[in-house]
Amino acid sequence: MCAHTPSHSSSHPFSLTGRVALVTGGAQGLGIAIAKGLIDAGATVLVAARNAQRVEQAVATLGEGARPLVLDITDETAVAKAFDSIDSQYGRLDILVNNAGARNRQTMAELDTGDLRAMMETNLVAPYNLCRHAAIRMRRGSYGRIINVSSIAGQVARGDDVLYPATKGALDALTRSLSADLGRDGLTVNAIAPGFFATEPNQPMVGDAGVKDWLQRRTSLGRWGQPDEIAGAAVFLASPAASYVTGHVLAVDGGYLAHF
């Protein structure tokens, strides 16, 4: 097993200057917030999503430092071509954020094994494939950060949402196993477990007084998280400051998991 000394791109421990990052699901919600955080820290960020119009809008919003990448993460051929393109354009990839995911809030009676396979393809198989491709590029250099965006649902569950917690729990386990496998190459693999964030898909719940009251009682901070509040965790895990952090699932949940 080889020992790897951390490489610092600048004297600032949170600087990502000169780094190249790929953020899947980066055109909206937590993905675009993470992309902005990485760009603000100095990285060039490939903003990946299936919808070309959303990708272009996100890049326009993010401005300098953002680059478009139209990509269906479940299409293995397209993913391989995307990484070949990254090689030809940048010659490196330092940071991968697996943010894209799928959810289907229904009960076991309403979901069959085909539904499970479909969700696993997006929430587990595709991230694993992206990690494999990213690790090849990261091994070439002296820097590699993989961040999987999981969920507090990977650690706790509730009714009427049977498959999503199972797939996110599997992603947490994958994070730990990859950290053990890739640590010998000097790469770190961590996950972020978001709680309740006021993103576009959650807007109907954000405006629900009952949900607001429940969050006031259920979380330590008593409120929804704002999308930009996820960025700090991602920048930390992507930065030299986290050079000795790996295999960790970092909850960013306003104290949901800690609050009894």
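Some notes on this structure:
- Counting only helices (runs of 4 or more DSSP H) wholly contained in the range 150-260, the ones carrying 2 or more residues that are of a type in the set (Gly, Ala, Ser) occupy 163-182, 209-218, 231-238.
- Residues that are charged (D, E, K, R), more than 20 Å from GLY31 (Cα to Cα) and touching a Cys at 6+ places or on another chain (Cβ under 8 Å) occur at least once in the range 169-184.
- In the set (1) within 14 Å of the chain's Cα centre (by Cα); (2) not in a strand (DSSP E or B), the condition left unmet by ALA118 is number (1).
- Of the criteria (1) under 14 Å from VAL249 (Cα atoms); (2) in contact with a Lys or Arg (Cβ under 6 Å, 6 or more places away or on another chain), which one ASN190 fails: (2)
- Filtered residue count, the range 133-149, keeping only those that are closer than 20 Å to VAL245 by Cα, in a helix (DSSP H, G or I) and either touching a helix residue (DSSP H, G or I) at 6+ places or on another chain (Cβ under 7 Å) or of a type in the set (D, E, K, R) (or both): 2
- Here the range 135-153 is the region considered, the condition is being surrounded by fewer than 24 Cβ atoms within 10 Å (Cβ to Cβ) and of a type in the set (Gly, Ala, Ser), and the residue that is nearest to PHE83 (Cα to Cα) is ALA135.
- Sole residue being surrounded by 14 or more Cβ atoms within 10 Å (Cβ to Cβ) and out of contact with any Cys (no Cβ under 7 Å at 6 or more places or on another chain), chosen from VAL211, VAL156: VAL211
- Considering residues of the range 11-31 that are buried (at least 24 other Cβ atoms within 10 Å of the Cβ) and more than 11 Å from the chain's Cα centre (by Cα) only, the residue farthest from VAL47 (Cα to Cα): LEU16
- Of the residues making up the range 171-214, those that are of a type in the set (A, V, I, L, M), within 24 Å of ASP94 (Cα to Cα) and in contact (Cβ under 8 Å) with a residue 12 or more places away in the chain number 10.
- Yes/no for SER15 being under 23 Å from ARG140 (Cβ atoms) and touching a strand residue (DSSP E or B) at 6+ places or on another chain (Cβ under 9 Å): no
- Output for the range 166-186, where each listed residue is of a type in the set (Ser, Thr, Tyr), surrounded by fewer than 19 Cβ atoms within 10 Å (Cβ to Cβ) and over 28 Å from ARG105 (Cα atoms): none
- Scanning the range 57-71 for residues that are surrounded by 17 or more Cβ atoms within 10 Å (Cβ to Cβ) and charged (D, E, K, R) gives a single hit, ARG67.
Each reported figure results from applying straightforward, stated rules to the coordinates on display, with no laboratory input. Everything numeric here is computed off the predicted structure, so don't read it as measured data. All Cβ positions, even for glycine, are placed from backbone atoms using ideal geometry, and neighbour counts span all protein chains on display.
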